[in-house]
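Since the structure comes first, as structure tokens, the remarks are kept for the end.
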Amino acid sequence: MRIAPYAIFFLSVSALSADPTSQPQGPSADVLRSRLAVASSNLIAARAGFMERVKLSAEYQELASQLDAATAKLAVAPDAERLAAATQRLNAKNELDAAVKRMEEADQELARARNNVKRLETLLERAVAAERQVKAAEAEAMRVERQEKLRVYREAWGWNLLWGKDEGVKPVGDETSLTLVKAKPQTYLNKPFIITGIVEMSDYYNFGYRDAKKTHYALRFRAVDARGNAGSWAWLYQQRTLGDDIVNVLTKEDKPDKSIPIRFKVTVSSDYVKTFDDAQEQYEVIDWQFLGTGGKLSPWRSEVR
């Protein structure tokens, strides 16, 4: 006698019998979650198979009764019928043994499925804990890095506040020539570019920035070339919401120099520049770097704010 559902059941849980040591080492939490979902699904299948094993209990009792009947019949059978009775008893015993084996296999598959789920749950807990540690370490590293950038920025700002002079600044190499921008301002519309030079306060508001005094600081900027020689002039407009770091340095009463070396990230803003003729000398400030002691540049303002 055969129980067909077991053929399907054993196939559905066969993957759970693999040696755990053959699995890849150090899987991520997402990989483990996926494996756990599969293992949990297989566990459900294994439990369904186990219910079939419970049903086999009734079949076992029936087969056991048939074996007892066959044994009793063999004991009293005449010589002419003993071969047939022995064959019947042997068949009954074989069927009973097969049923017992199926029940044992169902129990084993269920145990393997449970163990696999438990193992994956443990691995997932460890992976999640490890990921939390890594994220915490990364967050701490970012915090330390930001603190160091802030320290360097404040140091450069403080040096400019007390001693900064409009000398010693040279382009780094990633700057865009103002001559090029003035020649083709449309190319830089709403696109950031970097300029290096010296800056001082201004009160010049004109063209698209004519009514921007309440929202912007006006700055007068002069670019420098690779040799540190002064070049083109331009007017820069910094939104007041970006802070007063530059203004505080340039307007400090007891500061001997009213201009400082600096690097700006600017753009031709379509919000204020209405014609490309206006764009030739008026740029919106996006970000900046101070030049500190020894010519060391601070981080960008956006990196510490």
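Here are some notes:
- Across segment 87-95, rounded Karplus estimates of 3J(HN,Hα) from the backbone phi angles (6.51 cos²θ - 1.76 cosθ + 1.60, θ = phi - 60°) give 5, 5, 5, 5, 5, 5, 5, 4, 5 Hz, Gly and Pro being marked x.
- Sorting Lys184, Lys170 from the fewest to the most surrounding beta carbons within 10 angstrom yields Lys184, Lys170.
- Summing charges over neighbours of Asp203, with a neighbour being any other residue whose Cβ is under 15 Å away from its Cβ, gives +4 when K and R count +1 and D and E count -1.
- Packing-based exposure ordering (other Cβ within 10 Å, fewest first) of Glu281, Glu125: Glu125, Glu281
- When the charge dipole of segment 178-303 is built from unit charges on Cβ atoms (+1 for Lys and Arg, -1 for Asp and Glu) and taken about the Cα centre, the candidate among Asn229, Gly292, Val266 whose Cα reaches farthest toward its positive end is Asn229.
- Shape of segment 165-274, Cα gyration tensor, a/c cut at 1.5: oblate
- Neighbour-limited loop hits for trypsin sites (Lys or Arg not before Pro), segment 180-286 (at most 11 other Cβ within 10 Å; DSSP other than H, G, I, E, B): Arg210, Lys214, Arg227, Lys274
The numbers here are math on the coordinates, done by the rules we state, and not lab data. Because the structure is a prediction, the values reported are computed rather than measured. Cβ: placed from backbone, ideal geometry, glycine included. Neighbour counts: every protein chain shown.
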